[in-house]
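What follows is a set of notes on a single structure, which appears directly below.
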Amino acid sequence: MKLDYKEIGRRIAHRRKQLGLKQATVEEMADIGEKYLSCIERATSTPSTEVLMRLAIALDTTPDEFLVGTLMNSRTSEAL
């Protein structure tokens, strides 16, 4: 399985906008560098697993939403 970083970036941007957050706010919450989120959302930078985890926490979701487009319920492990 090959990861589609354009799609991952699109999903991150969608979730951020859903929550009404600016890139700078999310960067601060996730403790990542200035303008890095913009690069991730445009797929000009490839985020590490750690950065994806930080973004998921900052955006109140799971990495599954970014990686495969689904949320996983931790209690049942079923896709929502």
Any idea how far apart MET1 and GLU50 come out in nm if each label point goes 7 Å out from Cα toward Cβ? 2.4
The chain: calculated mean residue ellipticity at 222 nm from DSSP helix runs of at least 4, using -39500 (n - 2.57): -15000 deg cm²/dmol
What translational diffusion coefficient, to the nearest whole µm²/s, does the chain have by Stokes-Einstein, given a Kirkwood radius computed over alpha-carbon pairs, a temperature of 25 °C and 0.890 mPa s viscosity? 195
Please work out the average accessible area per residue across the chain, using the 1.4 Å probe convention, and give it in Å². 67
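Hey, any idea what % of the chain's accessible area is carbon plus sulfur with a 1.4 Å probe?
Heavy-atom surface of the chain belonging to carbon and sulfur, 1.4 Å probe: 50 percent.
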When only Cα pairs under 8 Å and 6 or more residues apart are kept, what is the percent relative contact order across the chain? 28
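The values are calculated or read from the model by the stated rules, or taken from the named source; none is laboratory data. All of these numbers come straight from a predicted model, not from anything done at the bench. Don't worry about glycine lacking a Cβ; one is built from the backbone with ideal geometry, like all the others, and counts go over all protein chains shown. Just so you know, the surface numbers come from the protein's heavy atoms only, side chains and all, with ligands and any DNA or RNA stripped out. Shrake-Rupley method; radii C 1.70, N 1.55, O 1.52, S 1.80 Å.
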